[in-house]
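K.L.:
Mind having a look at this structure? Questions to follow.
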Amino acid sequence: MSARERLEGELLEVTYQADDGAWAVVRVAPIDEGAPVTVVGALGHLSPGVHLTLEGRWSNHARFGRRFNAETVLVQDPRTNAGLARYLSSGEVRGIGPKLAERLINHFGLETLRVLESAPERLTEVEGIGEKKRDEIIQHYDRDRRDREVAVMLRGYGLGAAVTRRVLAKYGDEAASILRGDPYRLAADIPGVAFKTADQIARVLGIAEDDPRRARAAVQWLLSEGESEGHCFLPEAELLRRGESVGVRQDTLAEALGPLLLERKVVLRESALTGSRPVYRGVTDRREQRVADAVVARIGGQDASEEAVRAAEEKVGLSLNDEQRRAVAMGLERGMCVITGGPGTGKTTIVRVLMTAAALRRETWALAAPTGRAARRLSESCGQEGKTLHRLLRYSMQAGGFEHDATNPLELDGVLVDEASMVDLALLDALLQALPEGARLVLVGDADQLPSVGAGQCLRDLIDSGAVPVVSLRQVYRQAAGSGIVQNAHRVLRGEDPVSAEKEPEPLERPDFFVVPRREPEELLQALDEILLKRLPARGFDPRADVQVLTPMRRGPLGTVSLNQRLQALLNPEGPSVKVGERVFRVQDRVMQVRNDYESDVFNGDVGRVVAAGDGVVSVDFDGRTLRLSGEALHNLDHAWAISIHKSQGSEYPAAVLVMHTAHHVMLRRALLYTAMTRARRFCCLVAHPWAVHTAVTEVAGTERFTELSGRIRALLASGVTPGGKGAKARAPR
């Protein structure tokens, strides 16, 4: 190993930064005025222009050549006017752009930062800075200075840039004191902070390993992690086993349950139904029971008359089959019901007739869906406004919850929710609490698709309970039956491999499904390029507007991160742009919102297109609404040339290209492949390793979730609780 050496110089630029923002590759100009050198290490928090004193070792990389591996770093203010200009122009001090930075340096020289720090009143000496501008700069500088101090501390503990921003947004000026007082709060409050990370910080701060806060924090974090995997609870034995994975002994974890149970932060249930002892977070236990109570209070009643359904059929100009007619009749009168079926079984037709029947009865119904895309498709198919559930219930940032609840219910006769497989426990709870007495709830969805991203599998549980009225649509209509997409979706559900159009046993009316087998990742990528650039345009599809690439995972050479870089270079290589970290958002880029923005009414999973970019601002058109995004909001955007199959739920595309490889083996499940295939409306191409396809088709395990909603519903009915039906009032929250 080479000897430890010292390097001193000015940071010129950050050329690469890891996703977590910590590890980076930078260029440094040595003080001896030699040629700039490449430095790698935990340098992602630095800004161009600062003076660095680094200690580390030189190495020769086979691909990138000679570089300095920094092991320790001392950051000081810029020592040259050029460095100071780079620092101020990097956006480190808000309110100061390149031109103003130049005027400040021309007037104050290297004293500029000292003036900002100690004598800001002197800023008015510079041409163009009045009292208002001076006060704005001072305000930004003071806040940014506090944030930088906390950021340096957090980055020193190994937290990345994205997590650091979340900590500052959550705690504000109290971030440092909260962190020193109880670092375990990070794991509880901040998405992306694992228990182990908080535990490492606690060790640095001198918190003992046997501190009671440690085990209690581990319990709560493990339960939250379980919910992020879709579980509503963890069996006690599973919870204790997972504790060992984060370095907490089972007996210590079991002992920590006591105080948490007394505080109702955790609930330990006895379950005769499952034979296990489920451990819930208190809020989730109460939520699941509340949903069960509300469901039992709403089920029951009789179907509507056949005459009412036939009148709606005649109005729409459609003729339903018996199962479709029963679904409409059930939806009109039952307090709550489920309509489920695969592609081509007529769910959209039922919704149209049901809404027509409601209108003929002079009733007011709302159409809703979990995502913006699904709500818009619902609007298009029914000719009636569809809303996201968040918009319907009116989420309020100020209140930190929905405006419509049990105390302020919706003024409606009924609500129909499409894509109901995506509705998680929290959202179903909020909806049920906001439904007024006597209102009906119709859930429409495909129970064979992936369950919700959030905790629960509500649609499946409601069906499995045997208590909620259900119509399962099985007949595939002739028009849909002639589609290779529909044929293959049903093949997959039967456990059969999909068949490419040219290999169909009988010619189809619409040969719209193709399988392109490739074994090596590079071969697969080359096939993807050809499909996007040649095959799809030849069929009339615009690869930039009509086609969505889907893949199971985010990481790896065939994950969304890598594919988006490749597809941007392939489909949109030039144009006005804004750089955000290592990502470049360019005009005409397809982008996705990755975090809910309630104020702008844009939610996780919404896809838009960049229509303008420059001066640190990116304008995105989200289906007719243009938002100007800058600063922190840009970190809520991701490219969407390729997206994960989970993110595609609730959406439909003219054409979809599915990528599957052995590298995705941990994700390959039947529900995943089925969900991906059914996102395509007119054309679907599966570019995949044959083993990966067969594995996905045959693997049905791995989607099980720990939930007790169906069991709670059955237990309520077994205890003698009478179903309420239409007009029944759900129980008040416990």
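The values are calculated or read from the model by the stated rules, or taken from the named source; none is laboratory data. Given the structure is predicted, the values throughout are model-derived calculations rather than measurements. With ideal geometry, Cβ positions are generated from the backbone for all residues, glycine too; neighbour counts draw on all protein chains shown. Each accessible area value is taken on the protein alone, full model and side chains, heavy atoms only, with ligands, DNA and RNA left out. Shrake-Rupley method; radii C 1.70, N 1.55, O 1.52, S 1.80 Å.
K.L.:
Identify the trypsin sites (Lys or Arg not before Pro) of the stretch 59-98 meeting these criteria: DSSP loop state and at most 11 other C-beta atoms within 10 Å of the C-beta.
P.N.:
Of the trypsin sites (Lys or Arg not before Pro), the ones in loops of the stretch 59-98 whose Cβ has at most 11 other Cβ atoms within 10 Å are R63.
K.L.:
With the cut-off at 24 Å, tell me which of the pairs K503/K534; K99/K170; K315/K347 have Cα atoms farther apart than that.
P.N.:
Violating the 24 Å Cα-Cα cut-off are K99/K170.
K.L.:
Under the Karplus relation 6.51 cos²θ - 1.76 cosθ + 1.60, θ = phi - 60°, what is the ordered set of whole-Hz ³J(HN,Hα) values for the stretch 207-219, x standing for Gly and Pro?
P.N.:
Each residue's phi maps through the Karplus curve to give 6, 5, 5, 9, 4, x, 4, 5, 5, 5, 5, 4, 4 Hz.
K.L.:
For the chain, find the longest principal axis of its Cα atoms and tell me its angle to the long axis of helix 131-156, 0 to 90°, nearest 10.
P.N.:
Value to nearest ten degrees: 80.
K.L.:
Okay, moving on. List, largest first, the extents of the alpha carbons of the chain along their principal axes, each in whole Å.
P.N.:
Principal extents (Cα only, largest first): 89, 66, 57 Å.
K.L.:
What is the packing order of peptides 635-647, 315-327, taking the mean over residues of other C-beta atoms within 10 Å and listing the highest first?
P.N.:
635-647, 315-327
K.L.:
Something else about it: Measure nothing but the geometry: give the 0 to 90° angle between the long axis through the Cα atoms of 282-298 and the longest principal axis through the Cα atoms of the chain, rounded to 10°.
P.N.:
20
K.L.:
How much accessible surface area, in Å² rounded to 10, belongs to the heavy atoms of R286 with a 1.4 Å probe?
P.N.:
70
K.L.:
Roughly how tilted is helix 306-316, in degrees to the nearest 10 and between 0 and 90, from the longest Cα axis of the chain?
P.N.:
Between the helix axis and the principal axis of the chain, the angle is about 60 degrees.
K.L.:
Please give the Cα centre distance for the stretch 662-682 versus the stretch 297-371, rounded to the nearest Å.
P.N.:
That distance is 30 Å.
K.L.:
Ignoring everything except DSSP H segments at least 4 long, calculate the 222 nm mean residue ellipticity for the chain; use -39,500 (n - 2.57) per segment, divide by total residues, nearest 500.
P.N.:
-11500 deg cm²/dmol
K.L.:
Let me ask you something else. Once you sort the root eigenvalues of the Cα gyration tensor of the stretch 65-104 as a ≥ b ≥ c, which label holds: rounded (a/c under 1.5), prolate (a/b larger than b/c) or oblate (the other case)?
P.N.:
Cα axes put the stretch 65-104 in the prolate bin.
K.L.:
Taking every DSSP beta bridge that has both residues in the chain, what percent is antiparallel when rounded to the nearest 5?
P.N.:
Once the DSSP bridges in the chain are tallied, antiparallel ones form about 60 percent.
K.L.:
Please name which of C685, L416, G341 has its Cα lying farthest along the dipole of the chain towards the positive end, using unit charges on Cβ (Lys, Arg +1; Asp, Glu -1) and the Cα centre as origin.
P.N.:
Ranked along the dipole, the leading option is G341.
K.L.:
For the stretch 484-540, what ratio Rg/Rh do Cα atoms give with a Kirkwood hydrodynamic radius?
P.N.:
1.02
K.L.:
Over the alpha-carbon set of the stretch 233-359, work out the extent along each principal axis and list the three values in angstrom, largest first.
P.N.:
The Cα atoms of the stretch 233-359 stretch 68, 30, 24 Å along their principal axes.
K.L.:
Report the one residue of Q200, P723, A366 whose Cα lies farthest in the direction of the positive end of the charge dipole of the chain (charges on C-beta: Lys and Arg +1, Asp and Glu -1; origin at the Cα centre).
P.N.:
Looking along the dipole axis, the top candidate is P723.
K.L.:
Going out from 0 in 5 Å bins, what whole percent of all Cα-Cα distances in the stretch 636-727 drops into each bin?
P.N.:
Result, from short to long distances: 3, 11, 17, 16, 13, 9, 7, 9, 7, 6, 2 percent.
K.L.:
Continuing with the same structure: Roughly how many debye, to the nearest 20, is the charge dipole of the chain about its Cα centre, given +1 on each Lys and Arg Cβ, -1 on each Asp and Glu Cβ, and no other charges?
P.N.:
For this selection, approximately 680 debye.
K.L.:
Carbon and sulfur atoms: what percent of the 1.4 Å accessible area of the chain do they account for?
P.N.:
Using a 1.4 Å probe with all protein chains present, the chain comes out at 48 percent carbon and sulfur.
K.L.:
To the nearest µm²/s, what D does Stokes-Einstein give for the stretch 172-298 at 20 °C and 1.002 mPa s, using the Kirkwood radius over alpha carbon pairs as Rh?
P.N.:
138
K.L.:
Also, quick follow-up: So what is the accessible area of the chain per residue, in Å², with the probe set to 1.4 Å?
P.N.:
Per residue, the chain has 45 Å² of solvent-accessible surface.
K.L.:
When only Cα pairs under 8 Å and 6 or more residues apart are kept, what is the percent relative contact order across the stretch 421-474?
P.N.:
Rounded, it is 51 percent for the stretch 421-474.
K.L.:
Here's a follow-up. Which value results for Rg/Rh of the stretch 345-487 when Rg is the Cα radius of gyration and Rh the Kirkwood radius based on the inverse mean 1/r?
P.N.:
In the stretch 345-487, Rg relative to Rh is 0.97.
K.L.:
How big is the Rg/Rh ratio for the stretch 322-425, C-alpha atoms only, Rh by Kirkwood, two decimals?
P.N.:
Rg/Rh for the stretch 322-425 comes to 0.97.
K.L.:
In addition: Could you tell me, in Å, what Rg and Dmax come out for the Cα atoms of the stretch 21-136?
P.N.:
For the stretch 21-136, the Cα-based Rg and Dmax read 16.9, 55 Å.
K.L.:
Here's a follow-up. Compute the distance from the alpha-carbon center of the stretch 212-278 to that of the stretch 571-646, in whole Å.
P.N.:
39
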